[in-house]
Amino acid sequence: MIALDASALLALLYGERGQERVATVADEACISAVNLSEVLGRFARDGHDPVAVLEQIETTALEIVPFGTEQAPLTAALVPATLPHGLSLGDRACLALAAARGIPALTADRTWARLDVGVDVRLIR
């Protein structure tokens, strides 16, 4: 199992560089609902119906993990370590999901490789 950052799923869905790496783990991946919202927002920005995109994503094996009171404090606890690197709420949600499950996180964001937050960060490019 691996936790996908929005950047990883977007690379796969938009056919961007690194998509092959994401495709190899897509059947055994999960994503936070926060990161899914980022993905849907990108599609909405590009003129697509986010509900239709969500329906397509839900037909895949990708596990969508709700963001709630269990994830919130884990995500918040990452603020001190990630603030100097400019990570967003979505970035921290992905890292918190990976940490909670003891699984790697997959991203296109090279900044994550410099983090020391107890998560195995893997880059798609």
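Using Cα centres only, tell me the gap between the range 63-91 and the range 95-120 in whole Å.
11
Taking the range 1-107, which GluC sites (Glu not before Pro) meet the DSSP loop condition and have no more than 16 other C-beta atoms within 10 Å? Working shown, then result.
Values: sites: Glu16, Glu20, Glu28, Glu38, Glu55, Glu58, Glu63, Glu70; in loops: Glu16, Glu58, Glu70.
Those that pass, being in a loop and sparsely packed, are Glu16, Glu58, Glu70.
Rounding to the nearest 20 debye, state how big the charge dipole of the range 29-123 is about its Cα centre with +1 on each Lys and Arg Cβ and -1 on each Asp and Glu Cβ. Don't skip to the end; give the middle numbers.
On the way: 7 positive and 11 negative charges, 68 e Å.
It comes to approximately 320 debye.
Counting only complete DSSP H runs, which helices of the chain cover 15 Å or more along their long axis at the Cα atoms and score a mean Kyte-Doolittle of -0.5 or above? Each step should come with its number before you reach the end.
Values: long enough: 33-45 (18 Å, 0.40); 89-101 (18 Å, 0.77).
Span-like helices here: 33-45, 89-101.
What's the FRET efficiency of Ala23 with Arg114 using the Cβ-Cβ distance as r and R₀ = 25 Å, to the nearest 0.05? Can you show the working numbers first?
Values: r = 26 Å, r/R0 = 1.04.
Here the calculated transfer efficiency is 0.45.
Gly86: net charge of surrounding residues, Cβ under 13 Å, Lys/Arg +1, Asp/Glu -1, itself excluded?
Values: positive: Arg92, Arg110, Arg114; negative: Asp91, Asp109.
Local charge sum for Gly86: +1.
Using only the alpha-carbon atoms, what does the chain span along each of its principal axes? Please give whole angstrom values in decreasing order.
Cα spread of the chain along its principal axes, largest to smallest: 36, 30, 25 Å.
Computed from the coordinates by the stated procedures, all read-outs in this text should not be read as laboratory data. A quick note: this is a predicted structure, and the numbers were derived from the prediction, not measured. All Cβ positions, even for glycine, are placed from backbone atoms using ideal geometry, and neighbour counts span all protein chains on display.
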